[in-house]
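Input: a single structure, listed below in structure tokens.
Rule-based calculations on the coordinates, nothing more; no lab input. Given the structure is predicted, the values throughout are model-derived calculations rather than measurements. Don't worry about glycine lacking a Cβ; one is built from the backbone with ideal geometry, like all the others, and counts go over all protein chains shown.
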Amino acid sequence: MNKGTPVLVITGYLGSGKTTLINNILKKNKDKRIALIVNDIGEVNIDEELVLKSGYIKQEDKGDVVPLSNGCICCTLKEDLMKQLTSLGTNPDFDYIIIEASGICEPLPIAQTISVMEQTSMSYGLPKVCYLDNVLTVVDAKRLVNEFNAGDALINSEHDEEDLEKLLVEQIEFCNQIMINKVSDVTEEELDSVKGVVDALNPAAEIIETDYSEVDNDIILDTNNFDLEKVQTSAGWVEAMEHPEEHEDGEAYEYGITTFVFYNRKPFKLEPFQDVIEKYSDKIIRAKGFLWTEETDGETIIFEKIGKEKTLRSIGSWIVDMPKEEQEQILKYNPDVKDAWDPELGDKMNKIVFIGRNMDKDAIIADLENCL
């Protein structure tokens, strides 16, 4: 069955080695006609120029490289991305497409865009244009060491520390392969630290260790391994949220990285809760979950912490506060919610996954319980 043209999305922060990886792929390529879509924020698409100057694409073939500038393909350039994928995916001259996302780009919206194209083709019986073969995140080993040891290597005039921690985590959480690059730039102990963070954030991803972005093409091309549903639930916090019993005593990773799930059926006092999170902020890399608070009793609050950035947002009322008929319908079609239903409180609960380094689980839990 023709699935369309396979697509590899390469993501990773600025300077991690994405363009070097593409140059290496092109250099080693022997039998594929590869089209490239490169996305860089700004007036001049530097990445495209570097690819063209590499010598692996001849100047007369530069039409194979499609630059998408002055925006990000995860947001403002979505429509342009769909047009270019349609053009390249229906061109018989190409049998593989590589997208190099901007260093400040989240991979999820790109994957969703390609998924929408696939679903549209299926719904209307149209020829399949393309499909997502692989999402690979390139991680700079030294930079990750610095970032999660409260370093300031990532702070610049355009993005503050919180932005970059959040972006790094999102890029690591949403992919099925992670290439830890520049491993020779860190000590063995530091590399263990990096792998511990990566494994805790995305335990389902395949980890590839490299220098100079060197990797066999067979490992990253034509993988046929990408599954949007699986990748959307591959993040460590999701796995812990779905299987809290496996994390009751905490899950230990390399180099002091641990995870645990906090669960309680009493409402938090919001301000003391926030004080506790701030108290342990330098130890908690990632946290996410549901909050029931005294101040917002009728609202389900989603709490999220990535690095130093913390957010609280309402996603509507608790199911137990909905009309009886609506409750019954939701419980009928959501057995997991029904299983966790409390006769008095219904679905009201606090359930938060914590991922961090050298966390004192008992102290954090004790302080959180004092906020109830």
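Which of the peptides 289-297, 87-95 is most tightly packed, and how do the rest follow, going by the mean number of other Cβ atoms within 10 Å of each residue?
Working: 289-297: 16.7, 87-95: 14.7.
With the highest mean Cβ count within 10 Å placed first, the list reads 289-297, 87-95.
For a Förster distance of 45 Å, can you work out the FRET efficiency between the beta-carbons of Thr187 and Ser317, rounded to the nearest 0.05? Walk me through the numbers before you get to the answer.
Details: r = 51 Å, r/R0 = 1.13.
Here the calculated transfer efficiency is 0.35.
Could you list which residues have their amide H under 5 Å from that of Glu206, counting only those 5 or more apart in sequence or on another chain, with H placed in the peptide plane?
Residues meeting the amide H criterion: Gln177, Ile178.
How many percent of the alpha carbon pairs in the range 262-372 exceed a separation of 24 Å?
28 percent
Stretched out fully, how many nm does the piece from Lys3 to Gln112 gain, at 0.36 nm a residue minus the Cα gap? Walk me through the numbers on the way to the answer.
Numbers: separation 109, 0.36 × 109 = 39.24 nm, distance 1.68 nm.
37.6 nm is the gain from fully extending Lys3 to Gln112.
What spacing in nm lies between the two simple spin-label points modelled at Glu271 and Glu328, each 7 Å away from Cα in the Cβ direction?
Label at Glu271, label at Glu328, 4.3 nm between them.
Given the peptides 185-196, 170-181, 334-345, 316-327, arrange them by the average over their residues of other C-beta atoms within 10 Å, most packed first.
Working: 185-196: 17.0, 170-181: 24.4, 334-345: 11.0, 316-327: 13.2.
So the order, starting with the most tightly packed, is 170-181, 185-196, 316-327, 334-345.
Could you quote the convex hull projected area for the range 204-337, Cα atoms only and averaged over all directions, in nm²?
Numbers: hull surface 47.3 nm².
In nm², the orientation-averaged hull projection of the range 204-337 is 11.8.
Using unit Cβ charges (K, R positive; D, E negative) and no other charged atoms, how large, in debye to the nearest 20, is the dipole of the range 318-372 about its Cα centre?
Magnitude of the dipole: close to 200 debye.
Would you please give the residues with an amide H less than 5 Å from that of Asp347, counting only those at least 5 places away or on a separate chain, with H modeled from the backbone geometry?
Under 5 Å from the amide H of Asp347 lie the amide H atoms of Ile319, Val320, Asp342, each far enough along the sequence or on another chain.
Say R0 is 25 Å: what FRET efficiency, to the nearest 0.05, do Glu299 and Glu344 get from their beta-carbon distance? List each step's numbers first, then the result.
Values: r = 19 Å, r/R0 = 0.74.
My answer for the efficiency is 0.85.
How far is it, in nm, from the label point at Thr120 to the one at Asp31 when both lie 7 Å from their Cα along the line to the Cβ?
In this crude label model, Thr120 to Asp31 measures out at 3.3 nm.
So if each residue of separation counts as 0.36 nm, and I subtract the Cα-Cα distance between Glu206 and Lys308, what length gain in nm does that give? Please list the in-between numbers first.
Values: separation 102, 0.36 × 102 = 36.72 nm, distance 2.68 nm.
Full extension from Glu206 to Lys308 adds 34.0 nm.
Along the charge dipole of the range 257-372, Cβ charges K/R +1 and D/E -1, which of Thr258, Pro272, Phe290 sits furthest on the positive end?
Thr258
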